[in-house]
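Peer 1: Submitted below is the structure of interest, expressed as structure tokens.
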Amino acid sequence: MNQYIIANWKANQNRQQTYEFIRQFLALTATSPLPQDLQLVVCPPAVFYLEFVGKSLPLAAGLQDISVFAGGAYTGELTAQNLTGIEPAFVIVGHSERRREFGETNELIVRKCEQVWSLGATPIVCFDEPEAASLSQLLQVHAGKSMILAYEPVSAISTSGSAGNLDPQALNQQLVGFRQLFPGMPIIYGGSVKPENAGSYAGICDGLLVGSASLKAESFVGIARNFAHQ
Ligand code: PEP
């Protein structure tokens, strides 16, 4: 199974910083390629998505959200209709910030997954422990469809919690239950991952979702290399 290192830039970065990230990322990976079985994904703000396309970068670009509506009179939404022909490979749904700030529920998040699948893309479905059981039930009718589950304890996220990164052994124990709830699905971890701690999650989960430390190419590539080389 592939492993994933996924950058969630959230609403950070401007155009110049996006160019600079791409320039540095290319320089860092030109002479020392990344492992083949590690899929890197950058999910920038949607307005910068196309900056990542057609540049022969050893990564995929994704999006951070999608409308629950397929298209039409929904001012400000980014819909599957808009994304036809753009073809993102991955779309994050259900991040804790969207659950907290925009009241998103598991029901709505699964409807967003349906929009992602309609594009032939893979949803990266974020959840914390209290949401896991109901999410698993709602996803049962979609068994066999492509998805990545991202376990993100809110207390561990650098901008919303104060607990710091989850201890890898504690993650290992949590994953026993999550693997029963989401059989056969890749489960990645997110929460205060940095180059210094990324290696401690290798062999435990199927990859990492990275917020703050993904904004600079050097630390994003450092996380990928340290996760791969343990
Ligand atoms: C996140 O918000 O998804 C996240 C993992 O953030 P950070 O890496 O900054 O904790």
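The values are calculated or read from the model by the stated rules, or taken from the named source; none is laboratory data. If you're wondering where the values come from, they're calculated on a predicted model, not measured in any experiment. Quick reminder, even Gly has a Cβ in these numbers, built from the backbone with ideal geometry, and neighbours come from all protein chains shown. Ligands, DNA and RNA are stripped out before the accessible areas are found, and what is left, the full protein with its side chains, is counted by its heavy atoms. Shrake-Rupley method; radii C 1.70, N 1.55, O 1.52, S 1.80 Å.
Peer 1: What residue, among those in segment 120-150 that are in a helix (DSSP H, G or I) and among the aliphatic types (A, V, I, L, M), is most open to solvent (accessible area, probe 1.4 Å)?
Peer 2: Checked segment 120-150; the qualifying residue most open to solvent (accessible area, probe 1.4 Å) is VAL141.
Peer 1: Can you tell me which of ALA228, ALA213 is in contact with a Lys or Arg (Cβ under 8 Å, 6 or more places away or on another chain), within 23 Å of THR29 (Cβ to Cβ) and not hydroxyl-bearing (Ser, Thr, Tyr)?
Peer 2: Working: ALA228 fails: in contact with a Lys or Arg (Cβ under 8 Å, 6 or more places away or on another chain).
The unique qualifying residue is ALA213.
Peer 1: If you check every pair at least six apart or on different chains, which have Cβ atoms under 9 Å apart with a residue in segment 211-230 that is basic (Lys, Arg) first and a residue that is surrounded by 21 or more Cβ atoms within 10 Å (Cβ to Cβ) second?
Peer 2: Hits for this filter: LYS216/PHE21; ARG225/ALA198.
Peer 1: Any residue at all in segment 22-33 that is more than 21 Å from SER219 (Cα to Cα) and free of Cβ contacts under 8 Å to residues at least 60 places away in the same chain?
Peer 2: no
Peer 1: Using beta carbons and a limit of 7 Å, which pairs, at least six apart or on different chains, have the first residue in segment 141-169 and at pLDDT 95 or above and the second one assigned to a loop (DSSP other than H, G, I, E, B) and acidic (Asp, Glu)?
Peer 2: Pairs that qualify, where the first residue is at pLDDT 95 or above and the partner is assigned to a loop (DSSP other than H, G, I, E, B) and acidic (Asp, Glu), are GLU152/ASP128; PRO153/ASP128; VAL154/ASP128.
Peer 1: Shifting gears a bit: Output the residues belonging to segment 151-176 that are in a helix (DSSP H, G or I), more than 10 Å from the ligand (Cβ to nearest atom) and open to solvent by less than 30 Å² (accessible area, probe 1.4 Å).
Peer 2: PRO168, LEU171, LEU175
Peer 1: Out of ARG225, ARG179, report the one residue that is farther than 25 Å from LEU59 by Cβ and among the charged types (D, E, K, R).
Peer 2: The unique qualifying residue is ARG179.
Peer 1: If you take the residues in segment 187-203 that are within 16 Å of the ligand (Cβ to nearest atom) and in a loop (DSSP other than H, G, I, E, B), which one is nearest to GLY144 (Cα to Cα)?
Peer 2: The residue in question is GLY191.
Peer 1: Scan segment 210-230 for residues that are within 13 Å of the ligand (Cβ to nearest atom) and either closer than 16 Å to SER200 by Cα or surrounded by fewer than 22 Cβ atoms within 10 Å (Cβ to Cβ) (or both) and report the count. Don't jump to the end; show me each part of the working.
Peer 2: Kept after step one, since they are within 13 Å of the ligand (Cβ to nearest atom), are these residues of segment 210-230: 210-216, 219-220, 223.
Adding the requirement that they be either closer than 16 Å to SER200 by Cα or surrounded by fewer than 22 Cβ atoms within 10 Å (Cβ to Cβ) (or both) leaves 210, 212-213, 215-216, 219-220, 223.
Within segment 210-230, residues that are within 13 Å of the ligand (Cβ to nearest atom) and either closer than 16 Å to SER200 by Cα or surrounded by fewer than 22 Cβ atoms within 10 Å (Cβ to Cβ) (or both) number 8.
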